Amino acid sequence: MIYLDNSATTQPYKDVAEAYMKVATRYFGNPSSLHSLGMQAENLLIEARNRIADLLEVEAQEIIFTSGGTEGNSLAIKGTAYARSTHGKHVITSQVEHPSVLESFRQLEREGFEVTYLPVTGEGRVEPDDVSRALRPDTILVSLIHVNNEVGTIQPIEEIGKRLAGHPKVYYHVDHVQGITKVPLNVKASNVDLCTCSAHKFHGMKGTGFLYVRKGLQLSPLFQGGQQEGRIRAGTENVAGVVAMAKALRMSVEQQEQKLAKLVQQNRQVRDVLHQIEGVYVNSPEIDSAAPHIINFSVPGIKPEVLVQSLSEKEIYVSTKSACSSKLTAPSQILTAMGFGEDRASAGIRVSLSFETTEAEIAALNKELQTVIPELLEVVKREV
C-alpha cells in the first residue's frame with residue numbers, strides 16, 4: 001500500500017497509538033474527579049498541555065483542547081464574533097478557506113454579520129494590501145488559512161500580522177491545520193491571536209486538536225456545560241487523545257528537523273514527472289512558495305474520481321479536493337478562486353506526502369502516473 005492522502009489524515013505513529021491505549025485503559029478517570037484516579041488523569045492533561053505549549057513557544061494556559069480542526073475553527077470564528085459583536089459586525093476571510101471556516105462565516109452572514117471574502121492571486125495567495133484595504137472601524141476579526149489544504153499555497157501570515165498589529169481591536173485567527181510540523185509558524189512573532197491545529201494531521205489520533213488563544217482574549221463558548229478548558233470548551237476532556245497528541249506533535253517536530261529537505265526533494269520529483277506528461281497541469285505554486293507535502297494537478301478531460309480509482313486499484317491512494325468536500329461534484333472552489341477554468345477546476349487531484357513517505361513509494365507513484373494518465377486520455381479520445 002502506498003498512502004499519499006496525508007492532508008486528509010495521517011496514520012498514527014505506532015508509539016502514539018500505544019500511548020493512547022495505555023492512557024485509555026489505565027488512566028481512564030475523569031480529570032475533574034477528586035479521587036486519585038481523577039487526579040492522575042488531570043496530571044496527564046496538565047503535562048500534555050505544558051508539552052504542547054513548549055513546542056509552540058506559548059503559555060500553557062493559552063492552549064485549549066478541542067475535538068479537531070473543524071471545532072477549533074468554529075470556536076475561534078464564532079466565539080470571537082459573538083463575544084465582540086457589540087464592537088462591530090464586520091469580519092474578513094478569503095475565498096480559499098477550508099469548508100469549516102467558510103461555513104462558519106456563512107452562518108454569521110445569516111445572523112447579520114458582514115463578511116468580506118478577499119480574492120487571491122493566480123497562486124492562491126492573499127495580498128497583504130487587500131487585507132489592509134478591507135479593514136474598517138467595525139472590523140473585529142481576520143481569519144486566514146496558513147497552508148491551503150488543496151494546493152499547498154502558503155499565506156503571508158507574518159506580513160499580515162504586522163499590518164494588524166496597529167489594529168488591536170481586530171482579532172487575528174489562523175487555520176494552521178495543514179501547516180503545523182510542515183511549515184513553521186511562530187504565532188507570537190506573527191501577532192496571531194487564535195490558531196487552530198488538529199492531531200490527526202500530524203500522526204495523532206482523530207477527534208483531538210487544540211486552539212491557541214492568546215492570553216486576555218474574550219471568546220464566547222459554542223456550548224455550555226462544565227468549567228473545563230478555562231470555561232471556553234465545556235465537556236470531559238479526551239485525556240488519552242490529548243496525551244497521544246502531545247507525543248505525536250513532539251515526534252513530528254523532530255521529524256521536521258530531520259526530514260524536511262527529503263520531503264522537498266520528493267515533491268520536486270513528482271512535479272518533474274507531471275510536467276513531462278502531456279495533458280497534465282500542475283496547480284500548486286512553485287515549491288519555493290508552497291508547502292512541501294502537497295502537489296495538486298489537473299488532467300482536463302479525465303474525471304478526477306476515475307484517476308483516483310485507477311490508482312487505488314494499484315493500492316496507491318490519493319484524493320481530489322479537501323476530504324470534507326471530496327464527494328461533491330462541483331468544481332474546486334480553491335482552483336476556481338485561483339482563476340482556473342471549469343475543466344481544470346473540476347479535475348483537481350491532490351497528492352499529499354508525509355515524513356514517512358519513502359523514495360520507493362514516490363518512484364512507484366511516478367511510474368504509475370506515466371502509465372495511467374496517457375491510457376485514460378486515450379480512452380477519452382476514442383469516446384469523443
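Surface composition of the chain: carbon and sulfur make up 50 percent of the accessible area, probe 1.4 Å. Rounded to the nearest Hz, the phi-derived 3J(HN,Hα) couplings of the range 71-79 under the Karplus curve 6.51 cos²θ - 1.76 cosθ + 1.60 (θ = phi - 60°) are 5, x, 5, 4, 5, 5, 6, 6, x, where x marks glycine and proline. Across Lys78, Lys162, the residue with the most accessible area heads the list, and the full order at a 1.4 Å probe is Lys162, Lys78.
Estimate the FRET efficiency between Thr358 and Asp129 by the formula 1/(1 + (r/R0)^6), using the beta-carbon distance for r and 51 Å for R0, to the nearest 0.05. Calculated value: 0.75. Cross-link partners among lysines for Lys169, C-alpha distance below 19 Å, same-chain residues fewer than 8 apart left out? In chain and number order, the partners are Lys78, Lys89, Lys188, Lys215. Accessible surface computed residue by residue for the chain, with neighbouring protein chains in place and a 1.4 Å probe, gives 43 Å² per residue.
Where both bridge residues fall in the chain, DSSP classifies roughly 50% of the beta bridges as antiparallel. Of the whole protein surface, Thr116 contributes about 40 Å² of accessible area at a 1.4 Å probe radius.
Figure note: Val372, Val253 ranked by solvent-accessible area, largest first, 1.4 Å probe, ligands and nucleic acids not counted: Val253, Val372.
Annotation for Ala83 and Lys262: the two label points, set 7 Å from Cα along the Cα-Cβ direction, are 4.1 nm apart.
Projected over all directions and averaged, the alpha-carbon convex hull of the range 30-185 occupies 10.6 nm².
With respect to the chain, whose longest principal axis is taken over its alpha-carbon atoms, helix 36-56 is tilted by about 60°.
Computed from the Cβ-Cβ distance with R0 of 30 Å, the FRET efficiency linking Glu305 to Met21 stands at 0.25. The calculated FRET efficiency for Asp54 paired with Glu315, based on their beta-carbon distance and R0 = 41 Å, is about 0.55.
Based on DSSP H runs of at least 4 residues, each adding -39500 (n - 2.57), what is the mean residue ellipticity at 222 nm of the chain after dividing by all its residues, to the nearest 500 deg cm²/dmol?
One gets -13000 deg cm²/dmol as the mean residue ellipticity at 222 nm.
Take the alpha carbon gyration tensor of the range 141-232, find the square roots of its eigenvalues, order them as a ≥ b ≥ c, and report rounded if a/c is under 1.5; if not, report prolate when a/b exceeds b/c, else oblate. Taking the square roots of the gyration eigenvalues as a ≥ b ≥ c, the range 141-232 is oblate.
The angle between the Cα long axis of helix 359-383 and the longest principal axis of the Cα atoms of the chain comes to about 60 degrees, rounded to the nearest 10. Each residue of the range 137-143 is assigned a 3J(HN,Hα), and the resulting list reads x, 9, 6, 10, 8, 10, 10 Hz, derived from the Karplus form 6.51 cos²θ - 1.76 cosθ + 1.60 (θ = phi - 60°), x at Gly and Pro. Listed by chain and number, the lysines whose alpha-carbon sits under 23 Å from that of Lys182, ignoring those within fewer than 8 places in the same chain, are Lys14, Lys162, Lys201, Lys206, Lys247, Lys259, Lys262, Lys321. Helix 239-276 and the long axis of the chain differ in direction by around 20°, with both axes built from C-alpha atoms.
The values are calculated or read from the model by the stated rules, or taken from the named source; none is laboratory data. Source: prediction; values computed, not measured. Because the Cβ atoms are built from the backbone with ideal geometry, glycine has one as well, and the counts that use them run over all protein chains shown. Side chains included, ligands, DNA and RNA excluded: accessible areas come from the protein's heavy atoms. Shrake-Rupley method; radii C 1.70, N 1.55, O 1.52, S 1.80 Å.
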